[in-house]
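What follows is calculated from the coordinates using simple rules that are stated; it is not laboratory data. Worth saying up front: this structure is predicted, and the values here are computed from it rather than measured. A quick note on method: Cβ atoms are made from the backbone with ideal geometry, for glycine too, and the neighbour counts reach across all protein chains shown.
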Amino acid sequence: MSLSPVIAKVTDRIIERSRAARGTYLDRMAQAAEDGPRRAHLTCGNQAHAFAAMGADKGTLVAERAPNLGIVTAYNDMLSAHQPFETYPDKIRAAARSVGATAQVSGGVPAMCDGVTQGQAGMELSLFSRDVIALAAGISLSHNTYDAAVYLGVCDKIVPGLVIAAATFGYIPALFIPAGPMVSGLPNDEKAKVRQQFAAGEVGRDALMQAEMDSYHGPGTCTFYGTANSNQMLMEFMGLHLPGSSFVNPNTPLREALTEAATKRALEITALGNDYRPVSDILDEKAIVNGIVGLMATGGSTNLIIHLPAMARAAGVLLDLSDFAEISEAVPLMAKVYPNGLADVNHFHAAGGLGYIIGDLLDQGLLHPDTKTVAGDGLSLYSQEPKLKDGVLTWEPGTKETLNDKILRPARDPFKSTGGTKDLNGNLGRGVMKVSAVAPERHIIEAPCRIFDDQRDVKPAFQRGEFTQDTVIVVRFQGPRANGMPELHSLTPTLAVLQDRGLRVALVTDGRMSGASGKVPSAIHVSPEAALGGPLARLRDGDVVRVDATAGTLDVIGVDLSTREPVTADLSANGHGVGRELFEVFRQNVGLASDGAGVVV
């Protein structure tokens, strides 16, 4: 089938908008590539330092005839998703040696867990950690001794930060190696129910703790379809993973075989071979559009609407929120994975997973088929499924039919005719809503607002019984300039209780929600933020606010905001504690959320 006119139009618009920036970027990458293998430019002293501890690999490194692979790792054993990476460097080095090449850990990058910092002061460092990761990865690769790089990272800000770094070093190949999701534990809907019961005072902390431990119980990515698993989807749609590798569980034979294969493939695509695939060629406008299509078709994390513009900008590609909105209108919602359903990512993978969705979207003309990927030319490679037969890794055609139509449906018979997010624009600014999990009857909420300048004040108001009517809860001064734009996911159980009591409620904020944003309508990332004097700073308690995900609007009704002076908030407490002192320069220089909230790009 021919390419969708909407996908073609949006892509052409992005290409035109990016023409100058992309041209400059590609010129720089081409010049860097012409310089040849990186180690050739190092002095003997430089190389001796780099190879001093490499033992039996020294001879191979000095000969410079075989590629040297840089490993950038986000390993720590506090993140369940990253704990498996502890053993990856040894496996990667062994795989490299088996083909006569070498591999070195070039450096580590920080990796924080938003699940640990949710509702805590540390969450104010979360978004900025993306830029720190990009900077740290840049330092890791600055030694200039690598012919390709593999990136070990999975979760929220980590993959976007690594992609920004990979694009910056776009003249060498980049391949992302995942760790996979933990096996299924307590179903996510049961966990959410216990959270709501705790918020309502119906169960104690012991019951809540048991539910949380039964849900998050082993190595691997959390099993709901939040930002971490949305990142994995993105890497496949954009051709930076090996096909079908995202959702294979840790510590399984297939996972081990995919890690070995990824290492060998990264070594095959360097400039020393005959299939040179620098990431600058892979991460182009079409690949990025394919990533947006995947986000909409799967109902993925709203966090990617911040991260994708930043990732794209690092490769000279300029995105606008209108690109997301138009693609969302053209792409059907094909998946129901928690919080947009009861299934987790293991169930999703078993039902056909990303291979099924990519194949079906290609058949419907909703993806660019002619992209370059780390696996080869053409996105159809990603409709295949990896199999391990008699110890040999192969790829076979994936299923052409959904294996569970309660989890996956074809594009011609989707769960919804449009994608998972909605662009909102009005006199309160510009924001976004994840609508895939929100019931249609809640897509429009119009009610008096209740304003909070600190998320920690919402729960006490709820406990005092102050929410007795339909309410739009506004939590402002939560943007990147104010306090680093923390996620406000810890408010979800409270708001869900109000909604279950029959009230019509919505959240409006210049902050973020978790990638697991659920059934409460939430207008998030509102820009310009309150700390910059944006419209939210002119709202007053009792103003009637209309959140309309059908029309795509966000307005205060019957009020001329231009007649009001914006309020200010005392943000001094955001400047110290748990490392926040170190990030003042970030807060003062961060861009708008609508542009990706970037500091380094």
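I want the antiparallel fraction of DSSP beta bridges within the chain, as a percent rounded to 5. If you can, show how the numbers build up before the last one.
Details: 27 of 55 bridges.
Looking only at bridges with both residues in the chain, the antiparallel portion is about 50 percent.
Using alpha carbons only, how many degrees (0 to 90, rounded to 10) separate the axis of helix 227-237 from the longest principal axis of the chain?
Its long axis makes an angle of about 50 degrees.
Check the straight Cα-Cα distances from K400 and name the aspartates and glutamates below 12 Å, setting aside those fewer than 8 residues away within the same chain.
Output for K400: D360, D363, E385.
Over segment 30-144, one equal point on each Cα, no solvent: what is log10 I(q)/I(0) by the Debye formula at q = 0.12, 0.21 Å⁻¹?
Listed by q, the Debye log ratios stand at -0.56, -1.19.
Angle check, please: helix 304-314 long axis (alpha carbons) against the longest principal axis of the chain (alpha carbons), in degrees 0 to 90, nearest 10.
So the inclination is approximately 40 degrees.
On a C-alpha basis, how far is the centre of segment 72-104 from the centre of segment 373-426 in Å? Whole number, if you could?
So the separation of the two Cα centres works out to 27 Å.
Please report the relative contact order for segment 319-451, taking Cα pairs under 8 Å with a sequence separation of at least 6, and give it as a percent rounded to a whole number. Working shown, then result.
On the way: 181 pairs, mean separation 43.1, N = 133.
Result for segment 319-451 is 32 percent.
May I ask for the distance between the Cα centers of segment 302-371 and segment 124-184, given as a whole number of Å?
20 Å
How far, in nm, would the chain grow between D390 and N76 when pulled straight, counting 0.36 nm per residue and subtracting the alpha carbon separation? Don't skip to the answer; put the middle values down first.
On the way: separation 314, 0.36 × 314 = 113.04 nm, distance 3.29 nm.
The span from D390 to N76 would gain 109.8 nm if fully extended.
Would you please state the base-10 log of I(q)/I(0) at q = 0.24, 0.25 1/Å for segment 456-548, with intensities from the Debye formula using one equal scatterer on every alpha carbon?
With no solvent term, the Cα-only Debye profile gives -1.38, -1.45.
Under a no-solvent Debye model with one identical scatterer per Cα of segment 381-449, what's log10 I(q)/I(0) at q = 0.13, 0.14, 0.20 Å⁻¹?
These q points yield log10 I(q)/I(0) values of -0.65, -0.70, -0.97.
If the cut-off is a Cα-Cα distance under 14 Å, which aspartates and glutamates reach K157, setting aside same-chain residues fewer than 8 apart in sequence?
Answer for K157, where 14 Å is the Cα cut-off: D114, E124, D131, E487, listed by chain and number.
Once the Cβ-Cβ distance between R19 and N274 is put in as r, and R0 is 30 Å, what FRET efficiency do you end up with, to the nearest 0.05? Present the calculation step by step, with values, prior to reporting the outcome.
Values: r = 31 Å, r/R0 = 1.03.
Calculated transfer efficiency: 0.45.
Which ³J(HN,Hα) values, rounded to whole Hz and listed in residue order, are derived for segment 181-198 from phi using the Karplus coefficients 6.51, -1.76 and 1.60 in 6.51 cos²θ - 1.76 cosθ + 1.60 with θ = phi - 60°, glycine and proline given as x?
So the Karplus estimates, Gly and Pro as x, are x, 5, 5, 5, x, 4, x, 4, 5, 5, 4, 4, 5, 5, 4, 5, 4, 5 Hz.
How about segment 380-468: which GluC sites (Glu not before Pro) there lie in a loop by DSSP and see at most 12 other Cβ atoms within 10 Å? Spell out each step's value before the answer.
Numbers: sites: E401, E441, E446, E466; in loops: E401, E466.
Sparse-neighbourhood loop GluC sites (Glu not before Pro): E401, E466.
Could you give me the ³J(HN,Hα) list for segment 102-112, computed from phi with Karplus coefficients 6.51, -1.76, 1.60 and θ = phi - 60°, whole Hz, x at Gly and Pro?
These are the phi-based 3J(HN,Hα) values: 9, 8, 9, 6, 7, x, x, 10, x, 8, 9 Hz.
So for segment 388-513, considering every pair of alpha-carbon atoms, how many percent are separated by more than 26 Å?
Of the Cα pairs, 40 percent sit more than 26 Å apart.
What does DSSP give for segment 421-595 in terms of the percent of beta bridges that are antiparallel, rounded to the nearest 5?
Numbers: 18 of 30 bridges.
Antiparallel bridges make up about 60 percent of those DSSP assigns within segment 421-595.
Give the peptides 175-183, 46-54 in descending order of average Cβ contacts within 10 Å, highest first.
Details: 175-183: 26.7, 46-54: 14.6.
Descending packing order for the listed peptides: 175-183, 46-54.
Counting pairs of alpha carbon atoms under 8 Å apart in space and at least six apart in sequence, what relative contact order in percent does the chain give? Could the numbers behind the result be given before it?
Numbers: 1357 pairs, mean separation 90.9, N = 601.
Reported relative contact order: 15 percent.
Using Cα atoms only, what is the angle between the long axis of helix 321-330 and the major principal axis of the chain, expressed in degrees (0 to 90) to the nearest 10?
90 degrees
Let me have the relative contact order for segment 456-584, percent, based on Cα pairs under 8 Å that are six or more residues apart.
Working: 190 pairs, mean separation 26.9, N = 129.
Taking the mean separation of contacting Cα pairs over the length of segment 456-584, I get 21 percent.
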